[in-house]
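Notes for the one structure printed next.
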Amino acid sequence: ISGSSSVASMKKVVQQLQLEAGLNSVKVSQAAADLKQFSLQNAQHDPLLTGVSSSTNPFRPQKVCSFL
Amino acid sequence: MATEALHENETLASLKSEAENLKGKLEEERAKLHDVELHQVAERVEALGQFVMKTRRTLKGHGNKVLCMDWCKDKRRIVSSSQDGKVIVWDSFTTNKEHAVTMPCTWVMACAYAPSGCAIACGGLDNKCSVYPLTFDKNENMAAKKKSVAMHTNYLSACSFTNSDMQILTASGDGTCALWDVESGQLLQSFHGHGADVLCLDLAPSETGNTFVSGGCDKKAMVWDMRSGQCVQAFETHESDINSVRYYPSGDAFASGSDDATCRLYDLRADREVAIYSKESIIFGASSVDFSLSGRLLFAGYNDYTINVWDVLKGSRVSILFGHENRVSTLRVSPDGTAFCSGSWDHTLRVWA
């Protein structure tokens, strides 16, 4: 009977929702402040953000010495 | 029999109303916590200056669309896979090809580098994920040492080694994700819950524990507990397929890229979407996303051939990169954050810095 499998899958849906309802979430203001802090604290160690110079970035063109 | 059916109908009805109640409660709670937007919190953060990012290397050699790529932990080697059935390992500094293997199928949609740098995993229309040890012995045929690890009932869309060479996580068009033991090929855990093809996955940074996030054609992003197989959080705000998911470096959030032309940021502790990265002028799907090392920048590759660079905190676009001559299908930032690599349907990969 299709009925019993609907009941079974509906039970799973309810269980999943109960799980999610049990989460202790934080306010967006708090979560956002933490994301902001993390990015700002790590900014100086972010080569693509700070634009690392040629001498330390292996992909940027090296300054070439020419022999005269 | 009639009374049985009646009883079942009552149970189904009461379960449905319980589900509706719970959903309503969840929405109420989420709304209460939604006291501010991320970009408002970031209002006083200094705006980013002009970015000069150019293609520094172009990797040519694939005979058809590049579908996936991954960096080696050594920050210079790259593995890429293509519709032409080939998987190539490149030295991105020199652009030399170090290894190449031809898969028995076309559309190799997924590939990954092992943490040790000694093996790669790949798969696609063959419904499998196979591991190839990398050998430098010219006499050895790479394909001979192939090990079939994962078996799905539909195409493999994504794969990733966990913290070691010993376990692989896979995502499939069959709607499931799975965790496998590489040595024995044994299925360790399976993850059911997506209502359609799973297209992408990303493992949480090791400090945050045993979870991963997946995205699919059901427009859902789901966070899973690797040990129990349980879905711990689910997010459904995208309006179309989610092609790519990537954790924010702190592990507290993740970004997604979708066919609805937007990228979004979901915070796990606030349990909700906290930012949308979109513009009216961007109408093509985002296929792949990745963060810079600090999480301040989000790089996203699109089906309109461009790469947009977003200020994650302020929600604005800081740069648009041109160069590819067809869809950008895959994008990853290098392990030390000095560059990022993009792969495209134009058969090439580009390294940008």
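The values are calculated or read from the model by the stated rules, or taken from the named source; none is laboratory data. Bear in mind that the values here come from a model prediction, so they are computed numbers and not experimental data. Using ideal geometry, Cβ is built from the backbone for each residue, glycine included, and neighbour counts are taken over all protein chains shown. In case anyone asks, the SASA skips ligands and DNA or RNA and just uses the protein heavy atoms, side chains included. Shrake-Rupley method; radii C 1.70, N 1.55, O 1.52, S 1.80 Å.
Taking the criterion of being within 11 Å of chain A (Cβ to nearest Cβ) and open to solvent by 10 Å² or more (accessible area, probe 1.4 Å), the residues of the stretch B:249-259 that qualify are B:249, B:250, B:252. Residue count for the stretch B:182-210 satisfying the condition of being closer than 19 Å to residue B:157 by Cβ and within 14 Å of chain A (Cβ to nearest Cβ): 5. Those residues that are assigned to a loop (DSSP other than H, G, I, E, B), touching a Leu at 6+ places or on another chain (Cβ under 8 Å) and farther than 15 Å from residue B:291 by Cα, I need them from the stretch B:306-353; list them, please. Correct list: B:306, B:348. Take the conditions (1) closer than 23 Å to residue B:244 by Cβ; (2) loosely packed, with under 13 Cβ neighbours inside 10 Å; (3) of a type in the set (Val, Ile, Thr); residue B:52 misses just one of them, which is (1).
For the stretch B:55-87, the tally of residues that are open to solvent by 30 Å² or more (accessible area, probe 1.4 Å) and hydrophobic (A, V, I, L, M, F, W, C) stands at 0. The number of residues in the stretch B:30-53 being facing chain A (nearest Cβ under 7 Å) and of a type outside the set (Val, Ile, Thr) comes to 5.
Taking every residue in the stretch B:268-279 that is more than 8 Å from chain A (Cβ to nearest Cβ) and pairing it with any residue that is open to solvent by 60 Å² or more (accessible area, probe 1.4 Å) and assigned to a strand (DSSP E or B), at least 6 positions away or on another chain, the pairs with Cβ-Cβ distances below 9 Å are B:277/B:317; B:279/B:317.
Of the residues in the stretch B:155-164, at least one is more than 17 Å from the chain's Cα centre (by Cα) and at pLDDT below 95.
Is it true that some residue in the stretch B:194-206 is in contact with a Lys or Arg (Cβ under 9 Å, 6 or more places away or on another chain), in contact (Cβ under 8 Å) with a residue 40 or more places away in the chain and among the β-branched types (Val, Ile, Thr)?
No, the stretch B:194-206 has no match at all.
Only one of the numbered conditions (1) without any contact (Cβ under 8 Å) to a residue 24 or more places away in the chain; (2) within 11 Å of chain A (Cβ to nearest Cβ); (3) open to solvent by 60 Å² or more (accessible area, probe 1.4 Å) is not met by residue B:12, and that is (3).
Taken over the stretch A:1-30, the criterion of being at pLDDT below 80 and hydroxyl-bearing (Ser, Thr, Tyr) is satisfied by A:2, A:4, A:5. Filter the stretch B:217-248 for residues that are of a type in the set (D, E, K, R) and either within 14 Å of another protein chain (Cβ to nearest Cβ) or in a loop (DSSP other than H, G, I, E, B) (or both); which is most open to solvent (accessible area, probe 1.4 Å)? If we take residues in the stretch B:217-248 being of a type in the set (D, E, K, R) and either within 14 Å of another protein chain (Cβ to nearest Cβ) or in a loop (DSSP other than H, G, I, E, B) (or both), then B:227 is most open to solvent (accessible area, probe 1.4 Å).
Counting the residues of the stretch B:92-114 that are touching a strand residue (DSSP E or B) at 6+ places or on another chain (Cβ under 6 Å), open to solvent by 10 Å² or more (accessible area, probe 1.4 Å) and closer than 22 Å to residue B:337 by Cα gives 2. Count of the stretch B:15-24 residues, restricted to those that are surrounded by 13 or more Cβ atoms within 10 Å (Cβ to Cβ) and either within 7 Å of chain A (Cβ to nearest Cβ) or among the hydroxyl-bearing types (Ser, Thr, Tyr) (or both), is 6.
Quick check: is even one residue across the stretch B:147-162 within 12 Å of residue B:87 (Cβ to Cβ) and either in a loop (DSSP other than H, G, I, E, B) or touching a helix residue (DSSP H, G or I) at 6+ places or on another chain (Cβ under 6 Å) (or both)? Checking the stretch B:147-162: not a single residue is within 12 Å of residue B:87 (Cβ to Cβ) and either in a loop (DSSP other than H, G, I, E, B) or touching a helix residue (DSSP H, G or I) at 6+ places or on another chain (Cβ under 6 Å) (or both). Pairs are defined by a Cβ separation below 7 Å, a sequence spacing of at least 6 or placement on different chains, a first member in the stretch B:19-37 that is more than 27 Å from residue A:34 (Cβ to Cβ), and a second member that is part of a loop (DSSP other than H, G, I, E, B) and open to solvent by less than 70 Å² (accessible area, probe 1.4 Å); no pair meets this definition.
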